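The values are calculated or read from the model by the stated rules, or taken from the named source; none is laboratory data. Just so we're clear, the structure is a prediction, and the values are computed from it rather than from any experiment. Note that we place each Cβ from the backbone using ideal geometry, even for glycine, and neighbour counts take in every protein chain shown. Ligands, DNA and RNA are stripped out before the accessible areas are found, and what is left, the full protein with its side chains, is counted by its heavy atoms. Shrake-Rupley method; radii C 1.70, N 1.55, O 1.52, S 1.80 Å.
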Amino acid sequence: ATMKSLRFISAEAFVSNAAFARKSLGGVAHNLFPLLFKASYLLEQGEVIHDLVENWPLVDFNMGKLLGTTVDYQEDLSQRTCSVCLESCLTGLRDYVLNHPSPYMKRLKVVDLTGIKDVEVQFCECKKTMGRWARTQLLSKLCLELLVYLQQTQCNPGTFEISIDVLIDLFVTERNYELVVQALLKKCYCPLKICCVAFRTDNLALQKFFYIIKLTDPSLLRKLEIVHNVRLEMEHLEILFNSIRFPLLMSLTLPAQTFNVRRFTATDEQMLTNIGEKMGEMTQLTELSMSFSILTGRIQKLLSPLKTPLKFLDVSNCSLNHADVAYLANSFHAHHLEVLDLSGHNIPDLYPSIFFKLLSHSSSVLRILTLEDCNIQDTHVNMLILGLSPCQKLQEFKFLGNPLSSQALKRLFTFFCELPMLKNVEFPVPRDCYPIGITYPIDDASLCRFDHQKYESVAEELNLILLQANREDVKASTPLSGSYDAAVQETNNELGAYLIKSFKETLEKFTTFLNKMS
């Protein structure tokens, strides 16, 4: 358990009696509010949280800083997306605006909600979380309620002078689109101003995406993620970049199949060049994710205009060829890559030596490496160990879906013990746990058809290797459903419904076609 200072223990005692704490807030020194806030959050004292925020006496309210490591209590609580606490925070914020006879001067100017991190395992007592989608929904709803209330009631004239920037990572899908659009359209009249720092969209019609992205004030946007079921193709991306500037954009995620060079015409080549040049104007861009696009032979065209080196690159399943990997290995990006995903490429057969050159160039900074479904076999293990040896900063290595035997995995794990910063390993089910003759990449139907008992005993042996080397700090697992994505987890019902709908439409078209045939 993390040490708590005497101050923090006293703060916990103070807020644990909610009725007493709420009555006594008027006499509390301003500089104690952050301390009481963190204590209330730890104890999930929703009502106290609400009142603290409603009477917040300071100029800024930064969730990441308030819940992060503090002198009085080192534990970082910013990964607790506790529903009780977050709802109390946001309703407290609404009531801050409406609370007239507050004993405090209203000085609050900036509320920053972007420090909240959505993670898989929750430690809060109530076990109910409020993810990014729900936070987007609730803040939009509160802003609109506030406007309705201000129009209907005789308000203190001072209320209209309140202007608070609320920095938030928005997450918009078809289901909350209308609400968020209304809140953004009326932003200028509302005392709480939604300021979108990061924007993610899944499951949204393109027209709607183009409309809402303009409303978010793209000049402030740091991160743009267009992920599942948004039919964004290369020509749309060109229109987007031609019509909107993103001067502060640091991180860009594009959906699957944005690019497909197999169908390229001369016009398409020109379009790709234009997109590369537009990305070159984004001087802050250091993170780029373009998985499941077909980019064979075009990586240089896209990335060479960039003026800032990339720290994060996901080109998984992009059908890269030798020239692409050679460009990466020799480019200035190589020496800055902290996160690299090259999954879905047959590295050992296509470009082993140039890949290891890329690894050695990024070895001094590389933190996370993902090589899933790369056809890495037992005969390649020595080569892999040689390539990874210089990567002394490596924290995560994910290599699911490779045809490796349990013997090969044991050799790799013995090597993992020597990587001082390693914390997380995602390893494949050993090949010898599957029926003889299984082919890789393994299809979804066969993925779980392995000898589970044998797998368990191998996993135990692998963990024993870590234990005997005093490396219990390394977490090793085989997440068969892939890595955790908080956003998908929160909206999977909507995504599922969308997929079923499009499947039914396809079947109906097919049936109509068959009927015509007969």
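Okay, here's what the table says:
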| item | result |
| --- | --- |
| Residue among Thr511, Tyr455, Leu295 farthest towards the positive dipole end of the chain, charges placed on Cβ | Leu295 |
| Carbon/sulfur fraction of accessible area - segment 201-312, other protein chains in place, 1.4 Å, % | 50 percent |
| Value of [θ]222 nm, deg cm²/dmol, for the chain, DSSP H segments ≥ 4, -39500 (n - 2.57) each, nearest 500 | -13000 deg cm²/dmol |
| Cα coordinate range in segment 304-367, projected on the principal axes (Å, largest first) | 30, 23, 18 |
| Cα-based Kirkwood hydrodynamic radius, segment 150-273, one decimal, Å | 16.3 Å |
| DSSP-defined antiparallel bridges as percent of all bridges, the chain, nearest 5 | 5 percent |
| Modelled FRET efficiency - R0 30 Å, Ser481 with Glu233, Cβ distances, 0.05 increments | 0.60 |
| Using a Förster distance of 35 Å, the FRET efficiency for Tyr149-Arg107 (Cβ separation, nearest 0.05) | 0.95 |
| Gain in span if fully extended, Ser457 to Thr2, counting 0.36 nm per residue against the direct Cα distance | 160.4 nm |
| nm² value of the averaged projected area, convex hull over the Cα atoms of segment 244-402 | 9.0 nm² |
| Ala469 paired with Met517, simple spin-label distance in nm, labels 7 Å along Cα-to-beta-carbon | 5.7 nm |
| Under the Karplus curve 6.51 cos²θ - 1.76 cosθ + 1.60, θ = phi - 60°, whole-Hz ³J(HN,Hα) for segment 299-308, x wherever Gly or Pro sits | 4, 4, 4, 6, 9, 5, x, 5, 9, 10 |
| Calculated SAXS-style log₁₀ I(q)/I(0) at q = 0.23, 0.24, 0.26, 0.27 Å⁻¹ - segment 1-74, Debye, Cα scatterers | -1.07, -1.17, -1.37, -1.47 |
| Over segment 331-435 - Rg/Rh using Cα atoms and the Kirkwood inverse-distance radius | 0.94 |
| Residue-span extension gain [Ala205 to Ile500] - 0.36 nm each, minus C-alpha spacing | 104.5 nm |
| Evaluated at q = 0.14, 0.21, 0.22, 0.27 Å⁻¹: base-10 log I(q)/I(0), Debye formula over Cα of segment 102-165 | -0.65, -1.03, -1.07, -1.25 |
| P(r), alpha carbons of segment 421-460 - 10 Å bins starting at zero, rounded % | 26, 49, 20, 4 |
| Principal axis box of segment 371-518, alpha-carbon based, largest edge first, Å | 67, 37, 30 |
| More than 14 angstrom apart: percent of Cα pairs within segment 209-294 | 65 percent |
| q = 0.17, 0.20 Å⁻¹: log10 I(q)/I(0) that the Debye formula gives for segment 75-217, counting C-alpha atoms only | -0.99, -1.25 |
| Additional length obtainable on full extension of the chain from Thr439 to Ser10, 0.36 nm per residue less Cα span | 148.3 nm |
| Spatial separation of Cα centroids for segment 146-167 and segment 3-24, in angstrom | 32 Å |
| Kirkwood Rh and Cα Rg combined as Rg over Rh, evaluated for segment 198-240 | 0.92 |
| Two-decimal Rg to Rh for segment 280-321 - Kirkwood Rh, Cα set | 0.97 |
| Overall dimensions of the chain by Cα: Rg and Dmax, Å | 26.1, 84 |
| Pairwise Cα inverse-distance average, inverted: Kirkwood Rh of segment 41-112 (Å) | 12.7 Å |
| Percentage relative contact order, segment 276-398, counting C-alpha pairs under 8 Å, at least six apart | 22 percent |
